[in-house]
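A short write-up of the structure that comes next.
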């Protein structure tokens, strides 16, 4: 119960601060829109070519936008050295990880909603038929990306070149997740059912579990420095 | 000069050495602080005062020696020590975009405790910030932030206060308030270790003074045995010797 209370405290605090400052949300949403304009200009009106690269583009947009937000996960804790106060408050530090993970998940969900909406509007893509399956893939992909992103965000929070180091560390570890989400999205948008992508979904679930557990087990050590 | 000490100190530091890189910041520091006692830790900048406080607060570990708070080893049992200690650091440990009340609510929830608004209001009243409970910390003066940081510490009901330059940025009224607050805290049986490099009236709250120069503790004496001039002379003499 204490763990849940602590986790909720972190989520509530981060959402409240973000609602007031809008620093991350504004940057991430603006960046997503810009990316879509770039895709639109570079791909033109060739529907066949667009259909072939759409799953990759969708996740590329989500991932690049998420990178901006995930890298800032613990930056808010650096102001006035709140990081130190989190460390010095007795109790399981895993709650900070789960709280930050939930906050990042919410941010990514917002980005995904916007990107999906803009894809359907700008690129004239119909995702309605594949939506239930797509939502499941988006949810599993979000957990995987946010789990690793939160962990590496904490790891690089005190590093001077964190903006460079963060994606360099994050992207190789995310390869299984990226592979699974792009392949699943590709199959679902081509009209396939969830049954046709169950092996990718299993990989996603396994990766999510491994990443979240690894995050929970190592976050304490990371926070202690 | 070494002050007489009684049994079972709340803070016990024995032969603590801390090395960053190759340079020792603390070198064989030994110090006891008892329940109800306020110890002023004097020393020039960069002499290891903050490092000693951070070792006791379990932020950093000593390279050698032992530091114990309320019988718990700071390096081996940090979670036990954290339940006993409140650290007032240079930084405020406050979220600038939350209000004073929201900061206290967060830190109480994060400590795993139930939030009772009336008790938080009472804490704010105690630090004379009840009238700005709903203002964002970003709009606070440095002195107000200092008082709110202290209010945050009090939520955890610590037995030991580790204070790093607690009187800095405070106006005369806030200084008086803090002096009284610390005297009350010690009178209730709390132990206080207060780092400072100033020789002002803030030293009046201390029962004992210790002077740290180049990582070594060179003076440990009851406050009453030394006049302000003597403290200053000692301090200057040893600082010059060390440099």
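The values are calculated or read from the model by the stated rules, or taken from the named source; none is laboratory data. Please read these numbers as outputs of a predicted model, since none were measured by experiment. Cβ placement follows ideal geometry from the backbone for every residue including glycine, while neighbour counts extend to all protein chains displayed.
Looking only at residues in segment A:193-216 that are touching a residue at least 60 places away in the same chain (Cβ under 8 Å) and surrounded by fewer than 18 Cβ atoms within 10 Å (Cβ to Cβ), the one that is nearest to residue A:178 (Cα to Cα) is A:205. Can you confirm whether segment B:93-104 contains a residue that is more than 9 Å from every other protein chain (Cβ to nearest Cβ), touching a strand residue (DSSP E or B) at 6+ places or on another chain (Cβ under 9 Å) and part of a helix (DSSP H, G or I)? Checked against the condition, which is being more than 9 Å from every other protein chain (Cβ to nearest Cβ), touching a strand residue (DSSP E or B) at 6+ places or on another chain (Cβ under 9 Å) and part of a helix (DSSP H, G or I), segment B:93-104 yields at least one hit.
Of the residues making up segment B:186-204, those that are surrounded by fewer than 22 Cβ atoms within 10 Å (Cβ to Cβ) and either at pLDDT 90 or above or under 21 Å from residue B:32 (Cα atoms) (or both) are B:186, B:187, B:188, B:189, B:190, B:196, B:197, B:202, B:203, B:204.
For beta carbons closer than 9 Å, sequence separation of 6+ or different chains, a first residue in segment B:139-165 that is more than 29 Å from residue B:32 (Cα to Cα) and within 11 Å of another protein chain (Cβ to nearest Cβ) and a second that is surrounded by 22 or more Cβ atoms within 10 Å (Cβ to Cβ) and at pLDDT 90 or above, the qualifying pairs are B:145/B:92; B:145/B:94.
Would you point out which residue out of B:46, B:40, B:86, B:28 is over 15 Å from the mean Cα position of the chain (by Cα) and assigned to a strand (DSSP E or B)? Reasoning before the result, please.
Values: B:46 fails: assigned to a strand (DSSP E or B); B:40 fails: over 15 Å from the mean Cα position of the chain (by Cα); B:86 fails: over 15 Å from the mean Cα position of the chain (by Cα).
The unique qualifying residue is B:28.
When residue B:56 is tested against (1) within 12 Å of chain A (Cβ to nearest Cβ); (2) crowded, with 22+ Cβ neighbours inside 10 Å; (3) modelled with pLDDT under 95, only condition (3) is not met. Scanning segment B:1-16 turns up at least one residue that is assigned to a strand (DSSP E or B) and under 14 Å from the mean Cα position of the chain (by Cα). Checking each residue of segment B:114-127 against the condition of being farther than 20 Å from residue B:163 by Cβ, within 8 Å of chain A (Cβ to nearest Cβ) and crowded, with 18+ Cβ neighbours inside 10 Å gives no match.
Once segment B:184-201 is narrowed to residues that are without any contact (Cβ under 8 Å) to a residue 40 or more places away in the chain and assigned to a helix (DSSP H, G or I), the residue that is farthest from the chain's Cα centre (by Cα) is B:201.
When the residues of segment A:144-163 are filtered to those that are surrounded by fewer than 21 Cβ atoms within 10 Å (Cβ to Cβ) and under 18 Å from the mean Cα position of the chain (by Cα), the one that is farthest from residue A:222 (Cα to Cα) is A:163.
Of all the residues in segment B:113-133, those that are under 22 Å from the mean Cα position of the chain (by Cα) and assigned to a loop (DSSP other than H, G, I, E, B) number 3.
With respect to residue B:61, determine if the residue is in contact with a helix residue (DSSP H, G or I) (Cβ under 9 Å, 6 or more places away or on another chain), within 14 Å of chain A (Cβ to nearest Cβ) and not in a strand (DSSP E or B).
Working: in contact with a helix residue (DSSP H, G or I) (Cβ under 9 Å, 6 or more places away or on another chain): yes; within 14 Å of chain A (Cβ to nearest Cβ): yes; not in a strand (DSSP E or B): yes.
It is true that residue B:61 is in contact with a helix residue (DSSP H, G or I) (Cβ under 9 Å, 6 or more places away or on another chain), within 14 Å of chain A (Cβ to nearest Cβ) and not in a strand (DSSP E or B).
Taking residues in segment A:101-113 that are surrounded by fewer than 24 Cβ atoms within 10 Å (Cβ to Cβ), and partners anywhere that are in a helix (DSSP H, G or I) and at pLDDT 90 or above, the pairs with Cβ atoms closer than 6 Å and at least 6 places apart or on different chains are A:102/A:11; A:105/A:142; A:105/A:146; A:112/A:138. Of everything in segment B:166-182 that is under 14 Å from residue B:91 (Cα atoms) and away from chain A (no Cβ under 14 Å), the residue that is nearest to the chain's Cα centre (by Cα) is B:166. When restricted to residues that are more than 16 Å from residue A:75 (Cβ to Cβ), crowded, with 22+ Cβ neighbours inside 10 Å and facing chain B (nearest Cβ under 8 Å), segment A:1-20 contains 2.
For segment A:79-95, the set of residues classified as farther than 17 Å from residue A:151 by Cβ and either assigned to a loop (DSSP other than H, G, I, E, B) or more than 7 Å from chain B (Cβ to nearest Cβ) (or both) consists of A:89, A:90, A:91, listed by residue number.
Looking at residue A:135, is it part of a helix (DSSP H, G or I) and surrounded by fewer than 18 Cβ atoms within 10 Å (Cβ to Cβ)?
Working: part of a helix (DSSP H, G or I): yes; surrounded by fewer than 18 Cβ atoms within 10 Å (Cβ to Cβ): yes.
It is true that residue A:135 is part of a helix (DSSP H, G or I) and surrounded by fewer than 18 Cβ atoms within 10 Å (Cβ to Cβ).
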